[in-house]
Each structure stands twice: as structure tokens, then as C-alpha cells.
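The values are calculated or read from the model by the stated rules, or taken from the named source; none is laboratory data. If you're wondering where the values come from, they're calculated on a predicted model, not measured in any experiment. Backbone-built Cβ (ideal geometry, glycine too); neighbour counts: all protein chains shown.
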2 protein chains.
Amino acid sequence: MSGILTGMRIVEGSAFVAVPLAGMTLAQMGADVIRFDRLGGGLDATRWPVAPNGNSHFWAGMNKGKRSIALDMRSPRGRELVTQIITAPGKDAGMFMTNLKVRGWMDHETLSQHRKDLIMVSLKGDRHGRPAVDYTVNPALGFPAITGPEGSTDPVAHALPAWDCVAGQLMVSALLAAERHRFKTGRGQDVEFSLKDVGAAMLGNLGIIGDTAMGGTKRQKSGNALYGAYGQDFICADGQRIMVIGLTGRQWRGLISATETQAPLDALSTSLGVDFDDEGMRYIHRNAITDLFKPWFAARDAASIGKQFDELGLTWSLFRDFESALSNDDDLSTENPMFSEIENPGLGRFLVPGSPLNFSDYDRDEPSPAPILGANTEEILGDVVGLPDVEIASLFDEGVVKGPAGKNMRPAA
Amino acid sequence: MSGILTGMRIVEGSAFVAVPLAGMTLAQMGADVIRFDRLGGGLDATRWPVAPNGNSHFWAGMNKGKRSIALDMRSPRGRELVTQIITAPGKDAGMFMTNLKVRGWMDHETLSQHRKDLIMVSLKGDRHGRPAVDYTVNPALGFPAITGPEGSTDPVAHALPAWDCVAGQLMVSALLAAERHRFKTGRGQDVEFSLKDVGAAMLGNLGIIGDTAMGGTKRQKSGNALYGAYGQDFICADGQRIMVIGLTGRQWRGLISATETQAPLDALSTSLGVDFDDEGMRYIHRNAITDLFKPWFAARDAASIGKQFDELGLTWSLFRDFESALSNDDDLSTENPMFSEIENPGLGRFLVPGSPLNFSDYDRDEPSPAPILGANTEEILGDVVGLPDVEIASLFDEGVVKGPAGKNMRPAA
């Protein structure tokens, strides 16, 4: 794969979402990303969703465009090989990302004895090094308490591993910033952060800490309403559910105009003594406002509403499930140049996304599939570690490394 | 603020979450980030949460460590100033990030006439350039359909603007990757992406597209359960709700051991004819498993459970709301070196996060607060555009620019 990062090499020791996502993001920008795993596969080797044959769609999604090597890290020789792969020479190499429990042999201090300018970026659970996952960080921060139907007291966790996704992208930035610094100074870097800190910082970034600390109104659940202005879901005549946004002044005026509700809204604002040009007033009185809009939506099909809203440049969408999104949304099809239908080893042919980023200097490539575990063991021992053929053969023979699908023979043998 | 990106200058024309978050992330790594806005402030100038005095906690959270200039972009002189700020000379400058509707004068083609190696990164709503926000992207992709209580048919949108947060971090990576390329080649770059594509790609990255396309089991709502393995919320004897994870084999065995449920679980697995060492079986039979764990949690206080789980190294957390998180969690306090209590102009003194990233070559600085709109107008016209004092004065006089709090006089005047 060519791309803006072509020539860079990053080594990844990882599992689950954040770090694999970071590596995949770099691979889809053209970097050579090598993921190493223990012989039988890492903790996420069979992560759901899985196909009936047991192969993981999750693995396939998170490891696109990487190279995979499988080795026995309990053996001294296996650990030595990992060290050599991470610290291999090359001006654009010597970068390591991980969320594995970093034991002595794989910490920055030890590894940088083999390559002084090593850049290492590690993600921990929390700042103390205690384990944490998206499913524990999110409840601790309070988001489930404001998610779900108005009036309900049951917390609702998000289904998207959002903190993992944010942390993974931040890891890419950390790595690129550290490499920029290495260019300028020749110095390596040990970068550490935690999943919980990523979430805790966002709580502050969104203004929630300041508001809470200064005794602002306690934020409640508000169903699918947009927080702080107007945005609401409506059921249309055909039973479809539509989301429509009145966040900016332009969106709000467009929504009123489309639904021909200026007069009743004026009456409502007069009777309440508030000005709906103030976005906060639209939020506070959202239910009264929604009651005025409801009949208009209930009398029309989603298709005709969507057509009219598009003509007016309004901001809206349908609520879909994964099946209908994939069947009906052109953005989730090969109409979208980000997507291609490719063959995925062990899983079949289906729609696969490349990077969302378009760089003017590079054409969009067809995305590369994820390797099967160990698919590139032999070539990595050759082109990265620089081992002679006979030594590679003996590593396979001794079971220190394995090839694709757990074979302890070289694919060519 | 010093940091790994000290010396870099990025100009930001933005509103809402993604692009301001990108700029703030760069500012908190030491870059000089200049946000420009129209005279009265951008679309997010009063975004909720707001303080009783009308000042926005959201603005304060999203613009930390930046410099702010306010100018009249309807006037030719104002547009000329923005062009000069974006394309000002400097090896580590000439970078522009935006989600504003890019009119002719502010597109890459026009701006790069003033600086050939300009790097511009633009975020659109969808790939067609139609408007989209987190609140519309999320329903369209199908996540609300799998969020919320098992058995419910009502879609539940997430409260965290997750796609915005992911897109903002990806924007930082795009910018740093493009700047790396400029270092090597001298070439500028026009980078474009859309919020909806960020979400659509993640749908594929998580394996959901492959699973759905290949006819996998339709994914249902599963409350607060962890998808694909075991993880569940429980009510403790003191009424607190706790989340506990049995995702990896080690976590799962630890949970069984702590709750002393090996015998009933063995009986359950025998009667079902399944092996709970298979993480997917734990998910499929989660409700039966949860019934076996429940009494143990119901008989103990959250504090004693937490203590025991910590000793065993288990992965767990409490469900909190924002208020109790801020009162009771040390990670949301100055105990956490990421946080400082600082004075925030127009809002008061409260806990503010710096970057979650720790770079070994840099100490953690106290985070800088967000500027009030226009706080740095005068200095930016001087040190970036290079205008003489008299010309700056006349720009204030003519109302082309404004100082802090909308003053059309220079702060020193």
C-alpha cells in the first residue's frame, strides 16, 4: 500500500481496539506496520463478531494492511526476536506501540539499550496501571447516567467502544509527534497514557467538569434530543424514525420554515416569555417545541421529508439498524470511494473501508485485508531481522515461530 | 506552553467539537494554535454547558491553550487578514484546519497561491459535502439500534459526541502526517475527510460490516453487557451499581474465583452442553451466568467488592453520575497529574485537564485556559501578520477586528 507515510515502520504489540486501531490507521496511510502475537494468537484472536468457521471479523477489521508474525514469547529466543524487530535499524523505523503488560524485557528502558532513539507509546488502563476497558471507563465517568430515555434512572452504556476509538487515534498523534521530535533532535521518546485519562480529559474538554464543579444544572437524560439546543427524533407516517437538527440559527429557522410552524412557535415563545433564538431556551423547552413539530412529521413519509430537507440544506438523518444501513445507505457501498469489496482471508468477500482521509498527493488505494495470524512470519524474519534462510528454518523447526494458521512449517516448505 | 510540538503554528477556523478538539490537542502538545472567529464569535460561542453569566463552559473546554482573533470576514480586509494569518511564513507554519463551509477565498487552491506548501485539513459532514453532525451520523449507522435495554425496540443515541471526538483526533494525525511529508518533499497537501466516513469506516473496522454482510446473527440490544464475551453490571447490597469484566480468560477465572461460583457454573455448562472457556458462549448465555453471580453481589457492599477485586487484579468499576465522579474519583482531581485547578476567564476556578499524553522528554505543564474571544487579536496582527502599530490601530477603529469581549478598542488603549 502506498500513502503519505510510506517508508515508515511501526511495530505493534497489542490486543483489542485502541492499539490495533492505531496501527491500522498508520498502515492505511502507507506505513509498514508489523503486529507480533504469541503463537496461538493474542487476547483478541477470537474476538466477536466471529464467522461460523470461528474466524474473527473483529481481527479482520482491526488489522487491515498490517504484517503479522507469531512467536513464542515465553522462550528467550522469541523475546530476542521481538526485541530485534522493534529495534531494527532504519531512519524511519524504531517505533513501538503497545497495550500489553510491559514486562522487564519489553519496557522502554530495556529496549532502548538496543536502539537509543527508540520511540515507544504505551496505553495503560488507568494512570496507576490498573486494568480498565471501555466498558469500565465509561460508567466511572458518568456518561451512562445521562444516556437513555428522559426520566429513566437506569444507566445506559454506549455500544460503540468510543473511548477505545478516541485513544487509538490519539496514539497515532502521539507517535507522529514523537517522530517529528526525533527528526529535529535525534532523541527517542517514551510516551505513556491511559484509557481512563483519555475519558477524564474529554469530560473536561466538553465543559462538563467546569459546569459540574461550578454547580450548573444537573444534567439529566434527554432521550435522543440534542443537548443544549434543538435536535429531536420523530416518527414519520411510514413508521420510520428521523433525526432533525436545529442547532445553529440557520438550521433552526430552516426547520421552522419547512414545517410551517412559525405562528405556533411564536405563540409558545410569547406564552413562555422566552426567546427561541437563544439555543439554550430551545433545549429547556424542547418537549413543548417537539409537540408543535410532531403532527407535521406524523403526516408525511420519511422519503418525502428527506427530499424536502435536502433541498433546504437541513441537517437530518434516518435511524437505521446495521442491516438497513448496509442495504440502503450509499455511503456504505462501493459508491463511496472509501469502500471496496475485497476478499478477506478466511471470511469471504465483503465491503471493506480504507482510510477516511483523502490526501491530495496520493490516490486512494483499495484497502488491504488483514493478514491471517503469522502470515508474514518468514518474510519479517528475513527482511526486518535479517536472518539467513537456514536460521529461519530452524526457528520454525524448534517451534519458536509459526507461519499462517499455526503451521510450524514455512509456507513454502 | 512548552511541549513536543513547540515551534509549530496551526491556524484553526472551526466550530463545535471535532476541529476545536484537534486544535486543542495540538496546543496541549505545545503548538501555537490560532483560532479565528467572526466578530461576534463562531457558531459554538455560546454552546452549552453555559454558566449563569452566559459564558460557555464548552468554549472554555475546547479552546484551551489557543490564541483567539476576532475579525469581520464579510469585509475584504478581514478576509485578507485571515489569508495572511493562514499563509504567514515560517518553516513550521502554513497549516490550516477547518470545518467551516469553505468559500472560494478560503479553499486550498486559493490559499495556496499565497503559500505553495500550505497544508490544509478540512472536515465535512458527509462525503458529498452535505451537513452532518454526531447526532445524525450515529442514527444513520445503526448504533442506537443496538444501544439500551435488552428487548427494547426504541433506539438510544449515545450522549458522548463520540464520532466528533474520533474525527478530531484523526484530524491531528492527518495534519502531522502531511507535515512529515512536507519535511521530506517540500510539498503542501489538501486533506479532506467527512464525519460520516469516520463513522462508516469504524463500522467496518469493528467487524460489524463483515459480520452483517456475511449474514451473521443480527446483533441485538444487550443492556450494559459486554458484547461477545462476559461483562455485566450488578446491583450491590448498598444499592450501588458495579460493572465487572470477564473478557479475557484471566478475568473470567478471577471473577469465578472471587464469587465462588465454580460449581454452579460447571453445572450450568454441563446442562447447556457448552464450554465457557469459549468467550462467545459466555456472551450467548450471559443471562443464565448473571443469575448465578447476582446473589453474591447483592449480599455485599460496593466498597468491599471493589477492595477484593483490586486485590485480585480484576477489571471493574462503579457506575457514577458526573457529580459523584467528580466528588469521589481521585482520577478526577489534582491527585491526577493530568489535572490542575486553574482560573478560567469569565467562569472561575475549577479542575482543568491537560493532555492525557506523557512524553518522557517533557514535563507536564499546568494546562492553559481558553482565551476569551478576541483576546489575542492585537498580538496576532503584530507577531503573525507583521502589521505596524498604526495599522493595527486603524483596523480596530474601522471595526475590522475586535479585542477581548467584543471591544473595538485595543485592550491597551
*Could you please let me know if B:A325 is in contact with a helix residue (DSSP H, G or I) (Cβ under 7 Å, 6 or more places away or on another chain) and more than 12 Å from every other protein chain (Cβ to nearest Cβ)?*
no
*Identify, by number, the condition in (1) surrounded by 13 or more Cβ atoms within 10 Å (Cβ to Cβ); (2) within 30 Å of A:G61 (Cα to Cα); (3) touching a Ser or Thr at 6+ places or on another chain (Cβ under 8 Å) that A:G280 doesn't meet.*
(2)
*Return a yes/no flag: does region B:114-129 have any residue that is charged (D, E, K, R), in a loop (DSSP other than H, G, I, E, B), more than 11 Å from chain A (Cβ to nearest Cβ) and touching a helix residue (DSSP H, G or I) at 6+ places or on another chain (Cβ under 9 Å).*
yes
*Give the number of residues within region A:249-267 that are free of Cβ contacts under 8 Å to residues at least 24 places away in the same chain and β-branched (V, I, T).*
1
*Among B:F193, B:F183, B:F143, which is surrounded by 22 or more Cβ atoms within 10 Å (Cβ to Cβ), free of Cβ contacts under 8 Å to residues at least 40 places away in the same chain, in the same structural domain as B:F16 (by TED's automatic domain parsing) and aromatic (F, W, Y)?*
B:F143
*Residue selected from region B:138-178 under the condition assigned to a helix (DSSP H, G or I) and more than 7 Å from every other protein chain (Cβ to nearest Cβ), by the criterion farthest from B:I208 (Cα to Cα)*: B:L175
*Is it the case that region A:353-367 has a residue that's farther than 24 Å from B:V121 by Cβ and not aliphatic (A, V, I, L, M)?*
no
*Yes/no for A:D321 being surrounded by 14 or more Cβ atoms within 10 Å (Cβ to Cβ), within 22 Å of A:T25 (Cα to Cα) and acidic (D, E)*: no
*Would you point out the residue of region B:180-196, among those that are touching a helix residue (DSSP H, G or I) at 6+ places or on another chain (Cβ under 7 Å) and more than 7 Å from chain A (Cβ to nearest Cβ), that is farthest from A:C165 (Cα to Cα)?*
B:G188
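Regarding A:P49, is this residue at pLDDT 95 or above and within 12 Å of chain B (Cβ to nearest Cβ)? Walk me through it before giving the result.
Values: at pLDDT 95 or above: yes; within 12 Å of chain B (Cβ to nearest Cβ): yes.
Answer is yes for this residue.
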*With A:A267, A:A288, A:A200, A:A237 as the choices, which residue is at negative phi, at the interface with chain B (Cβ under 10 Å from one of its Cβ atoms) and aliphatic (A, V, I, L, M)?*
A:A200
*Residue satisfying all of: in region B:94-106; touching a residue at least 12 places away in the same chain (Cβ under 8 Å), in a loop (DSSP other than H, G, I, E, B) and surrounded by fewer than 24 Cβ atoms within 10 Å (Cβ to Cβ); farthest from the other protein chains (Cβ to nearest Cβ) among these*: B:V102
_I'd like the full set of residues that are in a helix (DSSP H, G or I) and aliphatic (A, V, I, L, M), limited to region B:179-203._
B:L195, B:V198, B:A200, B:A201, B:M202, B:L203
_Complete set of residues in region A:15-48 that are surrounded by 24 or more Cβ atoms within 10 Å (Cβ to Cβ), of a type outside the set (A, V, I, L, M) and not in a strand (DSSP E or B)_ = A:P20, A:G23, A:T25, A:Q28, A:R47
*Sort out for me the helices (runs of 4 or more DSSP H) sitting completely within region A:241-285 that have 2 or more residues that are among the charged types (D, E, K, R).*
A:249-259, A:279-284
*Yes or no: B:E12 of a type in the set (D, E), under 24 Å from B:K402 (Cα atoms) and not in a helix (DSSP H, G or I)?*
yes
*Residue by residue through region B:219-233, note down the ones that are facing chain A (nearest Cβ under 7 Å) and under 19 Å from B:N138 (Cβ atoms).*
B:R219, B:N224, B:Y227
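Might you check whether a residue that is more than 19 Å from the chain's Cα centre (by Cα) and at pLDDT 95 or above occurs anywhere in region A:18-32? Write out each step before concluding.
Looking only at region A:18-32, we keep the residues that are more than 19 Å from the chain's Cα centre (by Cα), and these are A:32.
Now narrow it down to the ones that are at pLDDT 95 or above: A:32.
Checked region A:18-32: at least one residue is more than 19 Å from the chain's Cα centre (by Cα) and at pLDDT 95 or above.
Looking only at region B:27-73, how many residues end up being touching a residue at least 24 places away in the same chain (Cβ under 8 Å) and closer than 16 Å to A:G249 by Cβ? Spell out how you get there, then give the answer.
Here is the first cut: in region B:27-73, the ones touching a residue at least 24 places away in the same chain (Cβ under 8 Å) are B:27-45, B:47, B:51, B:53, B:55, B:57, B:59-73.
Next, only the ones that are closer than 16 Å to A:G249 by Cβ stay: B:37-45, B:47.
The qualifying residues number 10.
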_Residue count for region A:204-226, restricted to those that are surrounded by fewer than 24 Cβ atoms within 10 Å (Cβ to Cβ) and part of a helix (DSSP H, G or I)_ = 1
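Residue check: is B:V401 touching a strand residue (DSSP E or B) at 6+ places or on another chain (Cβ under 7 Å), in contact (Cβ under 8 Å) with a residue 60 or more places away in the chain, closer than 13 Å to A:G204 by Cβ and of a type in the set (A, V, I, L, M, F, W, C)? Break it down stepwise before answering.
Values: touching a strand residue (DSSP E or B) at 6+ places or on another chain (Cβ under 7 Å): yes; in contact (Cβ under 8 Å) with a residue 60 or more places away in the chain: yes; closer than 13 Å to A:G204 by Cβ: no; of a type in the set (A, V, I, L, M, F, W, C): yes.
No.
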*asked:* Pairs please, first residue from region B:296-321 and outside the structural domain of B:P264 (by TED's automatic domain parsing) and at pLDDT below 95, second anywhere and assigned to a loop (DSSP other than H, G, I, E, B) and crowded, with 21+ Cβ neighbours inside 10 Å, Cβ atoms under 6 Å, 6+ apart in sequence or on different chains.
replied: none
*Specify which of the listed residues (B:E379, B:E366) is in a loop (DSSP other than H, G, I, E, B), exposed (fewer than 15 other Cβ atoms within 10 Å of the Cβ) and not aromatic (F, W, Y).*
B:E366
*Pull up region A:49-75, narrow it to residues that are over 17 Å from the mean Cα position of the chain (by Cα) and basic (K, R), then point me to the one that is surrounded by the most Cβ atoms within 10 Å (Cβ to Cβ).*
A:R67
